[in-house]
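Working notes for the structure below.
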Amino acid sequence: MSSVFFAPAGRLRGAVLAPPDKSISHRAALLGAMSAEPVRITNYLQAQDTLSTLAALRAVGTTIEPGGPGEVIVRGVGLRGAVAPEGPIDVGNAGTLMRLLPGWLAAQEGRVFELDGDRSIRRRPVDRIAEPLARMGALIEATDGRFPPFVVRGTRLRRISYELPVASAQVKSCVLLAGLAAEGKTTVVEPAPSRDHTERMLAGAGVTVRRDVLAVSVRGTDELAARSIVVPGDLSSAAFMIAAAVLVQGSRVLVRGVGVNWTRTGFLRILERMGGVVVGRLEAMPRFADRIVATEEPISDLDVHAGSLWGTVVEPEEVALAIDELPLVALLGCFATGSTVVRGAQELRVKESDRIAGVVEGLRGLGAQIEATQDGFALTGAGSLRGGVIDARGDHRMAMLGAVAGLASRDGVEVVGMDAADVSYPGFAEDLAALQ
């Protein structure tokens, strides 16, 4: 476990290339494994979580080869051709992999798969995917009924219409992937919109995908027709550079190649409300009357300026579209005028760490006036942070949060466990230093 001290910065200037998108890299590799023909993935993220995905797919029979610079070629086994390995499939620390992969494995009739991971992953529940998969005919046997390690018993699946109790792109994606092997139409109804990367990829691979307000449907198919996938820059990772540029006075930073899919830009809308200045060509939210799902991921450079901030309230309907960036909203609120409140974000308690507890305890230790609630947090901005020590708790986003806090603080911040950032953003500290 490494400790790194981040000293206060005078100003940040320059340009940085956003790292490849973690969520899309996971999905692209999985889609390649489910395809009958080779799939070339450009700009695949080479980080701990996404390398866990490649290893897991190799374990079930997929061949993965290097392509050109920044490329991987996935030679899949088809929709129903996954091989049951002799031992458990190790998902590492990758929660997305843990929740999406069973959607495919559940359709492998007569085969049994065990999934396990690190100590952190064993605290993350899988009952939310087990319930809909069981309705489709699969059997999930989890530790204590809801935790890894767990077993997936593949079977002949049936179509369902499933209403998500909580908006979740991971659970939605799991059910849609399982629906590809079911006869007829499988539908997922969300209480609020969530990331739509899976739907876009499936539509691009020839699957019939339809949206009807908050319902998304797929029809069963015999094979996927994906050929090549380009992974855009990760807004969730770029958000830490954006927040740093907003918080450190006198800063102006250009973040290049960012994916600006409207289901990922919730943080930017919240930041704009707080007074942050981010200029770029963002994808507009589609009309709910639009039934055709887009197949492309829009990309833009983002020009970020430092400025004065004021507090805001993040309501429950905004949470799913900014879930990974909500710790940054707390940090921004520390430097804002007035109060900042986040509601309806209980999902943060079952991430790589309990991010509500981690954010509150971490920022309070740096001088913030912040309190935890059952489903979020509330704080009063003081216009500054003193600094101190923050424990990343093995969570990559907490590590990066501490680094940004250090740059904007009065005395600097020591981040204990900074190496956790390698899960999603190898080279983060170096990119941050290059802007100073």
- Message: Relative contact order of the chain, please, whole-number percent, based on alpha carbon pairs below 8 angstrom and at least 6 residues apart.
- Response: 18 percent
- Query: Summing Lys, Arg as +1 and Asp, Glu as -1, what charge do residues with Cβ under 9 Å from the Cβ of A130 carry, A130 excluded?
  - Reply: -1
- Pull out the extension gain between R287 and A382, defined as 0.36 nm times the separation in residues minus the alpha carbon to alpha carbon distance; nm, one decimal. 30.3 nm
- Message: Of all beta bridges DSSP finds with both residues in the chain, what is the antiparallel percent, to the nearest 5?
- Response: 70 percent
- Message: Counting only other residues whose beta carbon sits under 14 Å from that of A336, what net charge do I get with K and R as +1, D and E as -1?
- Response: 0
- Item | Using θ = phi - 60° and Karplus 6.51 cos²θ - 1.76 cosθ + 1.60, couplings along region 370-385 (whole Hz; Gly, Pro as x) | 9, 10, 7, 10, 4, 10, x, 7, 9, 8, 10, x, 10, x, 6, 10
- Query: Given T42, V341, A215, which one lies farthest toward the positive end of the charge dipole of the chain, if we put +1 on the Cβ of every Lys and Arg and -1 on the Cβ of every Asp and Glu?
  - Reply: A215
- Could you work out the helix-only [θ] at 222 nm for the chain, with each DSSP H run of four or more residues adding -39,500 (n - 2.57) and the total divided by the number of residues, to the nearest 500 deg cm²/dmol? -9000 deg cm²/dmol
- For a label point 7 angstrom out from the Cα of R135 toward its Cβ, which stretches of region 212-255 have the backbone nitrogen within less than 13 Å? 216
- Item | Normalised convex hull volume, region 363-436, alpha-carbon set, Å³ per residue | 96 Å³
- Item | Whole-Å semi-axes of the ellipsoid equivalent to region 2-131 (Cα gyration tensor, √5λ, descending) | 30, 20, 12
- Based on the Kirkwood radius over alpha-carbon pairs, what is the Stokes-Einstein translational diffusion coefficient of region 22-230 at 4 °C with 1.567 mPa s viscosity, in µm²/s? 78 µm²/s
- Cβ-Cβ cut-off under 13 Å around D144, Lys and Arg +1, Asp and Glu -1: the net charge is +2
- For E163 and V277, calculate 0.36 nm times their separation in residues minus their Cα-Cα distance, and state this gained length in nm to one decimal. 37.3 nm
- Message: Restricted to Cα positions, what overall size does region 29-80 have along the principal axes? Three whole-Å values, descending.
- Response: 29, 20, 14
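Throughout, read-outs are computed from the coordinates displayed, never taken from laboratory work. This structure is a prediction, so every number in the text was calculated from the model and none was measured. Methodologically, a virtual Cβ is constructed for each residue, glycine included, from the backbone with ideal geometry; neighbour enumeration extends over all protein chains shown.
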